[in-house]
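What follows is a set of notes on a single structure, which appears directly below.
What follows is calculated from the coordinates using simple rules that are stated; it is not laboratory data. On a predicted model such as this, the values are computed, not experimentally measured, just so you know. Positions of Cβ are generated from backbone atoms using ideal geometry, with glycine treated the same way; all protein chains shown enter the neighbour counts.
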Amino acid sequence: MMLRTAVIGVGHLGRQHARIHSDLAAEGLTEFVFVCDIDQRAASEIASEKKVKWTTDWRQLIGKAEAVSLAVPNVSHCEIACGLLEAGIHVLVEKPIARTLAEADEMIAAAAKSGALLQVGHLERFNPALAALRPYVRNPVYFEIHRVGQFTARSLDIDVVLDLMIHDLDIVQWLVGEDVEVTGVHAVGIPILTEKVDAANARLEFASGAVANITASRVGTEKIRKMRFFQPHDYIAIDYTTKRASISSLAPPTPDGSWPGVHVRNLDVVDIEPLRAEIFAFLEAARNGRPSPVSGSDGRNALSLALRALERIHEHTVKVRI
């Protein structure tokens, strides 16, 4: 069954979704039928480029599309996603899933009621380096993560915690175990170039004993997307930007009993664009009736951690001002 697809919101990220939906359609895997944006000029421009129809009203997609990428500002996620899900349309919504946990719950409930698929766009889960590494992860104990970007004029309506750090909050929870309770969240942050938090650090503590130290900034001078963590007998490093991952461990004993040294294994990585992998996984799950690769509950968990971190940042800021 070939799904009819659409993209809602063709700003910076939505245009990338449209590009991939168009590529998949050209490969005969889907039928890309519509783009939607409240900006008529943007909608018509992308529609003309991709040779699809366009509209400024997402409601016009009901009955005309079966699976949708939703890449609009966070403030509109709940309203649009719920409307589509209630109509039985599968939705891939960009992160964060919603503004509040209550809105996330509405979206999850709408998907459960209609049976439509809800997937949240936590892109790093589809980074090929992490995909290669995932089978080797077992009982991680300590994480050090840095995610730094150069300042741009996009996503300034949300704090860096919801913009960038939420990727790593999701990944850490996923690797430690989605059923492992986060027992402590400590965080500090500061506005630098905007009125929102532009740089932040968070420390997560898990019931398993695992600890994660996460730094995120959108006012750096270079792009850094790196994670390293330790688990019994292994030191693991991953660079999301270069799509490289390695595992360092004690080499096998030498015949003469001398120090064997450290063995570094660079994992074989199948280079694929993460966004393409994400959209393809979404459409395959929708087409075959499989569970979402990144469920609404996964998105809610990441949002919950992000909101807890922002709460700690606010508390710390108030204390400093006093």
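Brief remarks on what is shown
- Qualifying trypsin sites (Lys or Arg not before Pro) in the range 186-247, DSSP loop, other Cβ atoms within 10 Å at most 15: Lys223
- Pair Arg244, Leu193: separation of 7 Å Cα→Cβ label points (nm): 2.7
- Beta-bridge orientation, the range 70-218: approximately 55 percent antiparallel, per DSSP, counting only bridges with both partners inside.
- Length gained on full extension, Ser258 to Arg203: 15.9 nm, using 0.36 nm per residue less the C-alpha separation.
- Calculated P(r) of the range 1-72 - Cα pairs past 21 Å, %: 12
- Using a cutoff of 8 angstrom between alpha carbon atoms and counting only pairs six or more residues apart, the relative contact order for the chain works out to 18 percent.
- Degrees separating the helix 12-26 axis from the principal Cα axis of the chain, which is the longest one: 70
- Selected from Gln150, Gln16, Gln173 as most flexible by GNM, with the chain as the system and alpha-carbon contacts under 10 Å: Gln150
- When the alpha carbon coordinates of the range 9-126 are projected onto the principal axes, the ranges are 38, 31, 28 Å, largest first.
- Rounded to the nearest 10 degrees, the angle from helix 166-176 to the longest Cα principal axis of the chain is 60 degrees.
- In order along the range 179-184, phi translates into HN-Hα couplings of 9, 8, 5, 8, 8, x Hz, rounded to whole numbers, per the Karplus curve 6.51 cos²θ - 1.76 cosθ + 1.60 with θ = phi - 60° and x for Gly and Pro.
- Loop-located trypsin sites (Lys or Arg not before Pro) in the range 11-60 whose Cβ has at most 14 other Cβ within 10 Å (DSSP): Lys51
- In degrees, nearest ten, helix 40-50 long axis to first principal axis of the chain (Cα): 80
- Among the GluC sites (Glu not before Pro) in the range 16-111, those placed in a DSSP loop whose Cβ has at most 15 other Cβ atoms within 10 Å are Glu27.
- P(r), alpha carbons of the range 39-197 - 10 Å bins starting at zero, rounded %: 9, 30, 34, 22, 6, 0
- Over the range 164-300: Rg over Rh, Cα atoms, Kirkwood Rh: 1.04
- Only Lys, Arg (+1) and Asp, Glu (-1) charged, at Cβ; the chain dipole about Cα centre in debye: 300
- GNM flexibility winner over the chain from Ala187, Ala207, Ala65 (Cα, springs under 10 Å): Ala207
- Between amide H atoms placed 1.01 Å from N, distances below 5 Å from Lys95 occur with Gly121, all of them 5 or more places distant or on a separate chain.
- In the range 187-322, Cα pairs under 8 Å separated by at least six residues give a relative contact order of 16 percent.
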